[in-house]
1. Counting other Cβ atoms within 10 Å of each Cβ, which chymotrypsin sites (Phe, Trp or Tyr not before Pro) in segment 137-227 have at most 13 and sit in a DSSP loop?
2. Roughly how many debye, to the nearest 20, is the charge dipole of segment 183-224 about its Cα centre, given +1 on each Lys and Arg Cβ, -1 on each Asp and Glu Cβ, and no other charges?
3. If you roll a 1.4 Å probe over segment 105-174 with all protein chains in place, what percent of the accessible area is carbon or sulfur?
4. Rounding to the nearest 10 and keeping the result within 0 to 90°, find how far the Cα-based axis of helix 208-224 lies from the longest principal axis of the chain.
5. Does segment 3-178 come out rounded, prolate or oblate by the C-alpha gyration tensor, with a ≥ b ≥ c the root eigenvalues, rounded set by a/c under 1.5 and, if not, prolate when a/b is larger than b/c and oblate if not?
6. Please count, across the chain, the pairs of lysine residues with Cα atoms under 20 Å apart that sit 8 or more places apart or on different chains.
7. Using 0.36 nm times the number of residues separating Ala201 and Thr165, minus their current alpha carbon distance, what extension gain do you get?
8. Calculate, for Arg110 and Val27, the FRET efficiency according to 1/(1 + (r/R0)^6) with r their C-beta to C-beta distance and R0 22 Å; round to the nearest 0.05.
Amino acid sequence: MMLHVPGVLTKQQVAQCRQAMEKGEWVDGNVTSGAQSALAKKNMQLVEGSAIAVQLGELVMDGLECNPLFISAALPQKIFPPLFNRYSGGQYFNNHVDNAIRAYSGADFRIRTDLSATLFLAEPDEYDGGELIVEDTYGEHRAKLPAGDLILYPSTSLHRVTEVTRGSRVASFLWLQSMVRDEGERTILFQLDTNIQTLVAEKGNADPTVIQLTAIYHNLIRRWADA
Ligand code: NI
């Protein structure tokens, strides 16, 4: 499942990020790549662990943690600290798969990457190209979202970023380990929760059917999730 999560950051927070990023130190994006990705990737990245990257990463994390749509779809257990990248002047990232395990340099922290996410920090009309294309068994899916919006997609997919032929595509990207490892189970839980929320809006929290379905939701979480 690929999901568009609107408004993870406000436009004001996006502007704050962009301003801070201009003062940051940028390096070749291949510092986070595996050997295959290194051949495919041409972009720049804010230095991982630098004061600006850490501070902006916390802003993104705060936005994620209070976003009910993101939480419902991802059921995050551990989120890798968000990183920041930029594509301009013909830069691109050809088809690749994200590494299954991601370790944070210098810390005893690693995750299994179940889900990948891109948080767009430039408006679509600021640059040409720079689409995220994700391949799954239903074909190719494209994403180029308004600044502040996030696209969530399975880390198991092959994906790429098309060449940026004008302007700069600035984004934050991250990986997370979900409490529910299996993509199919996670999708069922998301669909169930979405429908429960619709029913709650119509009938309220005290409706007997709402209570029954909420019990089913939590009992499925008990079966499928690791805390
Ligand atoms: Ni990737």
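1. Those that pass, being in a loop and sparsely packed, are Tyr138.
2. 140
3. 48
4. The answer is roughly 50 degrees.
5. rounded
6. 4
7. 8.5 nm
8. The value I calculate is 0.50.
The values are calculated or read from the model by the stated rules, or taken from the named source; none is laboratory data. Since we're looking at a predicted model, the values are computed, not measured. Every residue, glycine among them, receives a Cβ derived from its backbone with ideal geometry; neighbour counts consider all protein chains shown. SASA here: full protein model, heavy atoms, side chains in, ligands and nucleic acids out. Shrake-Rupley method; radii C 1.70, N 1.55, O 1.52, S 1.80 Å.
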